[in-house]
Amino acid sequence: MTTDDTTRPGPTGAPQRPADAAAQQGGRLTTAQGLRLDETEHSLKAGPRGPSLLEDHHLREKITHFDHERIPERVVHARGAGAYGTFRSYGTAASVTKARFLATEGAETEVFVRFSTVLGSRGSADTARDVRGFATKFYTDEGNFDLVGNDMPVFFIQDAIKFPDLIHAGKPEPDREIPQAQSAHDTFWDFASLHTESTHMLLWVMSDRGIPRSYRTVEGFGVHTFRLEAADGSTSLVKFHWKPVLGVHSLVWEEAQLAGGADPDFHRRDLADAITAGAYPEWELGLQVMPDTPDETFEGIDLLDPTKIVPEELCPVQPVGRMTLHTLPENYFAETEQVAFHVANLVPGIHVTNDPLMQGRLFSYLDTQITRLGGPNFAQLPVNRPHVPVDDMQRDGMHQTAVHRGVAPYQPNSLGGGCPVASGAQGYVSVPTPVEGTKVREAPASFADHYSQATLFWESMTPVEQAHVVGGFTFELGKVFEAAIVERMVGNLVRVHPDLAARVARGLGIDVPDLPAAEHGSADGVTPSPALSQVPREPGRVDGRVVGVIADDGADLAGIAALRAALDEHGVVLRVVASHGGTLRTQGAEPVTVDRALVTTRSIEYDAVVVADGAAGTPVAGDPATAVLLAEAFRHGKALAAWGDGADVLGAAVDADAPGVDLVDDVDAVVGPLLQGLGMHRSWERLAAIAGV
Ligand code: HDD
C-alpha cells in the first residue's frame, strides 16, 4: 500500500527509483585502504585463460569482506523496519516523573523506532499473524531511554525463564525448519495449550490485532508496569501506551495471506512510502497512572503480572506527548539492523518493577547484543550512540572505534584528576524500595488467574471481531496434526467462553471437550472494555489511504482527474489501474498516467476501489484479474464504487446491493461515500454479513 506519489511509475506502473539514489560515497572506486583501482571487472590472472593469482589483493579483499557481510539475525524480532523521528512533550507528565524529556513542556527529543514481527526470519513476510514489536529509542538529554514494547499490552508468559521455551515452540520446528513466520503448527500449540497463562495473549494474537494494516496503525504498549518518580520523590506505578493518530486498523486474514505472497514487504514499504510522501506517522504517548501501593495492585489487578491489562475505562490513558516519524534510515544494515534496544536503558525518573518477565529482560538484551553485534562496543554505532557526551570507563574490546585518552580508566584515580566523577543525587538513583524475601521458585497466588482477562477480551469484541477470533483459532488449530493438542486447546477455550470453544470446535469438526460446568468461562461479573475493540465509532482520518480506479483507454479521464483532485484535498492517494502500463488516452481529454498495470497489482494495494465510466467493454473490464481484484476488495470489506457504465463492470463482479457498494451516475457523487468508507476503514456491516454474524 503506497503513498509514494513522489516516485514516477515505471513501464508497467511499478514506481521507479528516484534519480539521486545511484550516488555512492564518492566519485572514485578505491580499496578499503583508499587505493584507487583501475577496474573491478576481472581478477588478476596469469594470462586471459590462466588461473587467478594470490597476489590479487583487490579480489581477496572484496570477496573476504563479502563473505563476512552477514551478522546473526535477532533471535526474535529478526524482521523489522525503522525510522527516525521527534518526540514532543506536552509537559503533562511532570506530576509523575522527573524524566526531563517527559516533564518539560515542549521538550523535543530525537527518537529511532523499529517495528518488527517476532517469529519470522529476516526475510520473512511482514503480514504473518504475529505480535508486532514497537521499540523506541529516545535520545534524551539525560541519556538514552528505550521503550521496548509490543503492539499488544500483555504477553504469553509471566516469567522470563519461560521465554526460551515459548520461542523454541513458536519458531519453525527443528526437524524440517517449517513453518516460517507462523504459529500455526504443532509445537506452538502444544506449548500454548499446556501453558495456560498464555491464553489471554492468544486471544489478542488470534484477533485482528495479529494482522495490522500498517505499522502506522498499531498501538504500542510498554507491557510491564514501570515505577515513575516525580521531582518531589513521590512514585507511581505506570503503564505506557502509544496511540496511533490514524487509528488502530488491521487487515483481514485473506488479505494478510495474499500480501504475504504478492508483497512480502507490505508493512516495510508502507512505512517508507508514507514518510517519503510526507504523510508522517504519528503516535500520542499516554500513561495509565496508578498509585504505588505496597501490594502493587490496582482494582484487584496485579500490576506485576504481564498477562493482565488495566482496562482504560478503569484507569484512563493520559496523553503526555506526541511522536512524529519523519526520516528514513539511509542504510538498512547500519541503522535498522544494528540498532540495539535494551529495557535497562533508563533515565532518572523512570524505574523498573519486580515483574518477573521484566527482570529477566534486564539481563537478556545486553547479552544478546554482544553476540549479534560482535562485542561489547555496539553502543558506539551511530544509531545507538547517545546524543549526550559519554564518559564511561569501558575500554578496548572488539570493534573499539573510540580513541580514549588518558591513563586512568579507573576510580578512584588521581592521575586523571579524579575524572570522570560520579554525579551523586544528580545521576540515576534507584528508588529506595525495600527488598526482602525467602529464596523461592514460585509465583504470587494472583498469577494463577489465567482466564478472567481472556474472557474480558472476548466479551469486549464486537460480533464481527469475535468471528475473526474464531477464524484465527480455527485456522491455526486446523494446521495442527496432533489431535490431543487441538482438544486440549479447545478445552482451554471453554474456560474462556463456551461459545468461543463451540464455534472453533464446529470449524474443526470436533466435539467440545466435556468440562465440569464450574470450569466454564462466563461473562458473569465481567465488565467489557469497549476500548479494546477496533471498530471505529465514527469515521477517522483518511490521509495516506489509497484508492484504486479501474480504467482503460477510452474511459472518462476527465472524471478521473476530477476524482484525483477531490481526494487529494483529503490526502488520499489515487492510483489508476489499467490493462497496460504507460498512459491512457481518450479523445478530448488529457492523457492519464497508469500507476499500476493489472499484471503488477493486487487488491491488497487499495483501501477502496472505483470503476470509471467508460471502462465497460475495454480490455481491463474483460480481464479475469479485474473480477478477482474487485471480488477480493468486496470480501475484505473495502469501499467500492463506480460511476457511469463502470457500474456494469463492478456489478458483474460483486453484489452491488451490499453495504459499502455505491453505483452512481456522476463522478462527483463517488467522493462522499468513498471518504465515509475509508474513514470507517471497512464496511463492518458487509464483513459481518460475510462472517454470518
Ligand atoms: Fe524481547 C528483542 C519486545 C520479552 C529477549 N523484544 C525484542 C524486540 C522487541 C521486544 C520489540 C526487538 C527490538 C528491536 O527492534 O531490535 N520482548 C519484548 C516485549 C516483551 C519481551 C514487549 C515482553 C513484555 N524479550 C522478552 C523476554 C526476553 C526477551 C522475556 C528474554 C528473557 N527480546 C529479547 C532478546 C531480543 C529481543 C533476545 C532479540 C534481539 C534483541 O533483543 O536485541 O534479547
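The values are calculated or read from the model by the stated rules, or taken from the named source; none is laboratory data. Note that this is a predicted model, so its numbers are computed, not measured. In this analysis, Cβ positions are derived from the backbone assuming ideal geometry, glycine residues included, and neighbour counts consider all displayed protein chains. Each accessible area value is taken on the protein alone, full model and side chains, heavy atoms only, with ligands, DNA and RNA left out. Shrake-Rupley method; radii C 1.70, N 1.55, O 1.52, S 1.80 Å.
Observations on the structure shown:
- The ratio of the alpha-carbon radius of gyration of the chain to the globular-protein estimate 2.2 N^0.38 Å is 1.06.
- Loop-located trypsin sites (Lys or Arg not before Pro) in region 332-438 (DSSP state other than H, G, I, E, B) with a sparse environment of at most 16 neighbouring Cβ atoms within 10 Å: R395, R405.
- Rule-of-thumb Rg ratio for region 80-380 [Cα; 2.2 N^0.38 Å; N residues]: 0.97
- Inter-centroid distance (Cα atoms) of region 623-693 relative to region 149-227, Å: 35
- Reach of K171 by Cα under 26 Å, taken over lysines that are not fewer than 8 positions away in the same chain: K162, K308, K479
- Taking all protein chains as shown and a probe of 1.4 angstrom, D151 keeps an accessible surface of around 10 Å².
- Exposed GluC sites (Glu not before Pro) absent - longest run of the chain, DSSP non-H/G/I/E/B, at most 10 other C-beta within 10 Å: 443-568
- The mean sequence distance of close C-alpha pairs (under 8 Å, at least 6 residues apart), as a share of the length of region 60-111, puts its relative contact order at 30 percent.
- Net charge contributed by nearby residues that have their C-beta within less than 12 Å of P386 (K/R +1, D/E -1): -4
- Restricting the chymotrypsin sites (Phe, Trp or Tyr not before Pro) of region 417-471 to loop positions (DSSP other than H, G, I, E, B) with no more than 14 neighbouring Cβ atoms within 10 Å leaves Y428.
- Given their separation in residues at 0.36 nm each and the Cα-Cα distance between them, A443 and F363 gain 26.9 nm when the chain is fully extended.
- The residues of the chain expose on average 45 square angstrom of accessible surface per residue, using a 1.4 Å probe on protein heavy atoms.
- The value of relative contact order for the chain, using C-alpha pairs under 8 Å at least six residues apart, is 14 percent.
- With an a/c value of 1.5 or above and a/b not larger than b/c for the gyration tensor axes a ≥ b ≥ c computed over the alpha-carbon atoms, region 187-288 is described as oblate.
- Magnitude of the charge dipole, region 386-519, Cβ model with Lys/Arg +1 and Asp/Glu -1, debye to 20: 460
- DSSP-loop trypsin sites (Lys or Arg not before Pro) across region 479-564, with at most 13 other Cβ within 10 angstrom: R537
- Dipole size of region 546-691 about its Cα centre, with +1 on Lys/Arg Cβ and -1 on Asp/Glu Cβ: approximately 560 debye, rounded to the nearest 20.
- Note on K62: aspartates and glutamates with a C-alpha under 15 Å away, same-chain residues under 8 apart excluded, are D38, E39, E41.
- Under the convention that each Lys and Arg Cβ holds +1 and each Asp and Glu Cβ holds -1, the size of the dipole of the chain around its Cα centre is about 1760 debye.
- Under 13 Å from the Cα of K137 - aspartates and glutamates, other chains or at least 8 residues apart: E110, D146, E335
- Only protein heavy atoms count here; on that basis, with a 1.4 Å probe, S124 has an accessible area of about 10 Å².
- Selected from G406, A688, H497, residue furthest toward positive end of dipole (the chain; charges at beta carbon): G406
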